[in-house]
Amino acid sequence: MAESQPGGPDVELRRSHMVVALTIIAAICLVFTVINGYLGHIRSTALLAASCITALLLCFAARRVSDVHVSRVGHAAVGILVFVVTVIALLRGQAESYALLAYIIVPLLAAHLLDVRAAVAWTVVAAMCVIGVYASEAFVELRPDGPPPTRFDKLYVLLIVLATACALASAARRVSDRHQNALHEREQTIRRQTDELEYRVSQRTAELARLNSALTHQALHDELTGLANRALFLDHLAHAHARRGRSGRSVSVLFIDLDRFKVINDSLGHAAGDSVLREVGTRLHRGLRPTDVIARLGGDEFAVLVEDLEQPGEALNVAARIHALFHQPFQLEGQAVFVTASVGIAVTTESDDATEDLLRHADLAMYRAKRHGRNRSEIYDEHMRVAAVRRMQVESALHGAIDHRELRVVYQPIVDVRTGDWVSFEALLRWQRRDGELVGAGDFVGVAEETGLIVPMGDWILHEACRQVVAWREATGRDLGIHVNLSPRQLDEEDLRSVVADAIGGSLDPTRLCLELTETALTQSTAASRAQLDDIKAMGVRLGLDDFGTGYSSLSHLRSFPIDVLKVDKMFIDGLGSDGESTTLVAAIIGLAHSLDLTVIAEGVEHASQAEALQALDCDLAQGFHFGKPASQWEFPGDEAGAGGPAAPEPEGAVPGTS
């Protein structure tokens, strides 16, 4: 705390009194000087001058005293003590002994009553008093023409010396005070600078703490939704896993993935997609328990951590609440958009050793929900893990299948139901591994779709099929058509039109090529993809809707897409001739297709009764084991020399009609 500075009315009054007292002393000295000079006691001009100078010094000292601290009253008291002791010494003729006594006692009293600096100052004053005693006696005795010295003369000379000593002491004290004031001001400056520096440091520390808190929040939370991110979710999961060991209750992770979210981004833009993600986060936060941990893992994937489950089946109730949160539409750009979600559920078991396993299991269950139709929940079981390992092995081996020429194309004939003539073939993909294992399309096409390998594979099949049908035409003269399946991933490629044009080249009539797409691929296609289909259609290439009846089966799709061929799925054909309902449905589909000027192809015909029923229903074309199994080369009826060698039916175990 800073030292208080002198001030106030009381202090000023005491200073004024000190000035008056010292002024009176100076006036007395001056009067004594004049009187003694008039009486002839002082005949020395030097002594008169010394008296005048002493008076001036006393006035100067009085003024200085008024400017310093009030504690200088103590100095005045000590000065009076010195003065009294010296006077007594002079009056009794014991100047030497009493002056020496004052010389010893006064500094001790000053050190005790005041401080060390006062002791030093008054030591000088006492010394001056002693010197003054001896000087006064010597000075008076040396006057040859004056009267003998009296005690009054000695007292007067001593008073002059004392006044001079007081003036010197006051000046010394003033110098010391200035030095102390300078030190005090420097200390105050340093203290102010220190306080300011401490304030700045505290402010900077607070700012760094705030920034650190913000960075920590950004590192552990999703910027778009404000939910926890993957790192924070895994941390909560690890703690929940540890608590579960003490409580014995189950912990569940629900992995949520939005269905067909890409369609929203592609059709309405990424800003609309971000709006959906924020709204999903808000709905999950409001619809679940406060103790449940909700996180956005990335993209359109969310996760929920649920603790303290008494029964594993309670996780299904949480999944039901999550699905209920999506019943209300999302308002995007003034229109209502319905969004669904697939949920995978994983519940802790005794064999769970790592926290990441629970999240991975929930992810596998979510993919199973996707494959089984979306907008549903699936609970993880051990069979999923086995299937996932199998899929991983297939994915690893599939990367080298094209380079090692393990893929091959087989062809299944499509016949005219009325005449039984072969009019075209469907190109189907098979994988003959180097170890001799034949992998059906159903076991690897899905993996190829997920990894994107289906794009180069599909391009290769398209070129190979077009090359083969041209070779058959040149060998047999038959102008056959070729059907090739088009994957949804290929439909998203920007260079699809150029790939098709390159496959046709200048050798194949574009009208002999038919590209088949599923209903799902068409409904999820973007505006750019549909524009590419229009361009391909303008080239003369035909487009077919595959597996009709297994997807959305919306009649509007038949009108909005440039479809030429409609393929009826095998599940409707299986009941022909034995199930009246199936026959009615197939008849309705054929009649609808003909009314839209579409060619109808029945898939999966395996019996003659089915072929006869299709002929009776006026179906156009059909394919299936009844007409021929997929093979790499065919001998055409009526040709003495085969078009490509003997027929090579597909080995047992292959999946017929699967692409």
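Brief remarks on what is shown
- Reachable lysines from Lys262, criterion Cα separation under 16 angstrom, eight or more residues apart if same chain: Lys370
- Under 5 Å, built H, 5+ apart or other chain: amide partners of Ala341: Asp259, Asn375
- DSSP-defined antiparallel bridges as percent of all bridges, segment 296-389, nearest 5: 60 percent
- Phi to ³J(HN,Hα) by Karplus 6.51 cos²θ - 1.76 cosθ + 1.60 over segment 518-529, Hz, x for Gly, Pro: 7, 4, 4, 4, 5, 5, 8, 6, 8, 4, 5, 5
- Ligands, DNA and RNA left out, the accessible area of segment 397-498 computed with a 1.4 Å probe is 44% carbon and sulfur.
- In a simple Cβ point-charge model (Lys, Arg +1; Asp, Glu -1; nothing else charged), segment 391-473 has a dipole of about 280 debye relative to its Cα centre.
- Restricting attention to segment 511-632, close to 0% of DSSP beta bridges with both partner residues there are antiparallel.
- Computed over segment 295-381, the Cα gyration tensor eigenvalues convert (square root of 5λ each) into semi-axes of 26, 14, 12 Å, ordered from largest to smallest.
- The convex hull of the Cα atoms of segment 235-388, projected and averaged over all directions, covers 9.1 nm².
- Heavy atoms of Tyr411: accessible area, 1.4 Å probe, square angstrom to 10: 0 Å²
- Highest mean packing first, where packing is the average number of other Cβ atoms within 10 Å per residue, the peptides 573-581, 339-347 line up as 339-347, 573-581.
- Using θ = phi - 60° in the Karplus curve 6.51 cos²θ - 1.76 cosθ + 1.60, the 3J(HN,Hα) couplings for segment 192-198 round to 4, 5, 5, 4, 5, 5, 4 Hz; x is entered for Gly and Pro.
- Interchain or long-range residues, amide H under 5 Å from Phe425's placed H: Ile414, Gly481, Ile482, His483
- Carbon + sulfur, % of accessible area of segment 281-359 - ligands and nucleic acids excluded, 1.4 Å: 49 percent
- Pairs of Cα atoms farther than 13 Å apart, segment 460-523, %: 63 percent
- Solvent-accessible heavy-atom area per residue, rounded to whole Å², over segment 414-470 at 1.4 Å: 37 Å²
- Put simply, the Cα atoms of segment 485-606 extend 46, 31, 24 Å along their principal axes, the longest span coming first.
- Diffusion coefficient of segment 176-258 by Stokes-Einstein, Kirkwood radius over Cα pairs, 37 °C, 0.692 mPa s: 182 µm²/s.
The values are calculated or read from the model by the stated rules, or taken from the named source; none is laboratory data. Since we're looking at a predicted model, the values are computed, not measured. Here the Cβ is made from the backbone with ideal geometry for all residues, glycine too, and neighbour counts use every protein chain on show. Heads up: the accessible areas ignore ligands, DNA and RNA and are worked out on the full protein's heavy atoms, side chains in. Shrake-Rupley method; radii C 1.70, N 1.55, O 1.52, S 1.80 Å.
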